[in-house]
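The values are calculated or read from the model by the stated rules, or taken from the named source; none is laboratory data. Everything numeric here is computed off the predicted structure, so don't read it as measured data. Because the Cβ atoms are built from the backbone with ideal geometry, glycine has one as well, and the counts that use them run over all protein chains shown. Protein only, heavy atoms only, side chains kept; ligands, DNA and RNA dropped before computing areas. Shrake-Rupley method; radii C 1.70, N 1.55, O 1.52, S 1.80 Å.
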Amino acid sequence: MKKRKIQKYVAIFAIAVLTFALSSCSKGTGKASDGTASPRNTVKIAYLPITHSLAVLEEAEELEKSTGLKIELVKYGSWPELLDALNTGQVDGAEVLIELAMKSKQEGIGIKAVALGHKDGNVIVTNKNIKSISDLKGKKFAIPHRQSSHNILLNDALAEAGLTTADLEVVELAPTEMPSALASGQIDGYCVAEPFGAKAVSLDVGQVLLKSEEIWKDSLCCGLVLTDAFLNDRTTDAKSFVESYKKAGKNLTKEKAKEVAKKYLNSDDKVLDLSLQWISYDDLEITEETYNTLVEKVKKYSLSDNPPVFDDFVKNDL
């Protein structure tokens, strides 16, 4: 009887040790795409190879040097792929169209927007026969996604001319396909993340009809979004990451941006020189005023009837 009691206590002790060990190993760690725990000093960030992502691409190298926190960049080829990775917790965060992130938040996904991806940097590009926005009536125009600032910019520009999207054919098209579609006459114009607008202009198959700041001053487009799990479980790392990110944006001169772009983007000098004239990264704070303007436009153009309010979606107090 005494022997059985000893065996029972030994078993209980072993289970307790094992439980403690497992919890210690998993506490505060993210999950990789295969479900295994990712390294404690690693932050997985999803991105698309566009100039709108340059601040996080620049930070990836600098942060590890200064803090030892490694940024694992995960490249995707489309917004739906990237969004799926973000929504399912395969990554800790992403540079993403802010309207897509707002929609995910509305649908119950645990994410917060912590900074802008860039300022300005969008253009409406058309074939050379289009002389004004009014000339788009009856034409075909491409956007990358319905949930995008590119869609809002198109709607705003049309409204100034007394038109709506019902007056033309609006299609969704992959950004990489837009310059060639314009050149071949499949579409008459488009608005998309850079450097794809600059590519059509540099190839002399398109022209800049309007820049984003001429349509919607201080427009929001891409944002840096982090998961609630990462923000709550690794608060110190999240703070270091965001601080470093905003610093990288302030230090991202045109020359440095071009250097980073040439490393991560498949674009030549002529395209990048043009594209980088239209974009800036020096102030990436999301203010309540600019966010509320975005919310008004999202509702106005029926992108969403119940977008998240500022305090629920934007986190500036890390």
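Points to keep in mind about this one:
- Cα long-axis angle, helix 54-67 against the chain (0 to 90 degrees, to the nearest 10): 30 degrees
- Normalised by residue number, the volume inside the convex hull of the Cα atoms of region 161-239 is 167 Å³ per residue.
- Remark: region 309-318, residue by residue, has Karplus-estimated 3J(HN,Hα) of 6, 3, 5, 7, 10, 9, 10, 10, 9, 5 Hz, where x stands for each Gly or Pro and the curve is 6.51 cos²θ - 1.76 cosθ + 1.60 at θ = phi - 60°.
- Along region 301-307 the Karplus relation, 6.51 cos²θ - 1.76 cosθ + 1.60 evaluated at θ = phi - 60°, assigns HN-Hα couplings of 9, 6, 6, 7, 9, 8, x Hz to successive residues, with x for each Gly and Pro.
- Shown is the FRET efficiency for residue 296 and residue 213, computed with R0 = 22 Å from the Cβ-Cβ distance and rounded to the nearest 0.05: 0.75.
- Per the Debye calculation on region 66-221 with a single equal scatterer at every Cα and no solvent contribution, log₁₀ I(q)/I(0) for q = 0.18, 0.21 Å⁻¹ amounts to -1.08, -1.34.
- Amide H contacts of residue 168 (H built 1.01 Å from N, in plane; Pro and chain starts excluded): 138 sit under 5 Å, all sequence-distant by 5 or more or on other chains.
- Comparing 274, 284, 97 in a Gaussian network model of the chain where C-alpha atoms under 10 Å apart are linked, the largest mean-square fluctuation is found at 274.
- Placing a label point 7 Å from the Cα of residue 161 along the Cα-to-Cβ direction, the residues of region 103-143 whose backbone N falls under 17 Å of that point are 123-143.
- Rel. contact order, % - alpha carbon contacts under 8 angstrom, at least six apart, region 231-318: 30 percent
- Using the average count of surrounding beta-carbon atoms within 10 Å as a protection proxy, the listed peptides 206-214, 190-198 rank, highest first, as 190-198, 206-214.
- 3J(HN,Hα) along region 195-210, derived from phi through the Karplus expression 6.51 cos²θ - 1.76 cosθ + 1.60 where θ = phi - 60°, amounts to x, 6, x, 5, 5, 5, 5, 5, 7, 6, 10, x, 9, 7, 7, 8 Hz, with x in place of Gly and Pro.
- Under the criterion of Cα pairs below 8 Å and six or more residues apart, the relative contact order for region 127-280 equals 24 percent.
- Principal-axis analysis of the Cα atoms of the chain puts helix 149-160 at an angle of about 30° to the longest axis.
- Here the contact order of the chain, divided by its residue count and restricted to Cα pairs under 8 Å and six or more residues apart, works out to 25 percent.
- The chain - mean residue ellipticity at 222 nm from DSSP helices (-39,500 (n - 2.57) per run, n ≥ 4, rounded to 500): -13500 deg cm²/dmol
- Centre separation in Å (Cα based) which lies between region 282-318 and region 186-218: 24 Å
- Inter-label distance for residue 172 and residue 186, nm, one decimal - labels placed 7 Å from Cα along Cα-to-Cβ: 1.6 nm
- A simple packing score, the average count of other Cβ atoms within 10 Å per residue, orders the peptides 106-115, 84-93, 47-56, 293-302 as 47-56, 84-93, 106-115, 293-302, with the highest score first.
- For the chain, the solvent-accessible area with a 1.4 angstrom probe is 48 square angstrom per residue.
- Given their separation in residues at 0.36 nm each and the Cα-Cα distance between them, residue 311 and residue 254 gain 17.2 nm when the chain is fully extended.
- Zero-based 20 Å bins, Cα pair distances in the chain, whole percents: 31, 51, 12, 5, 1
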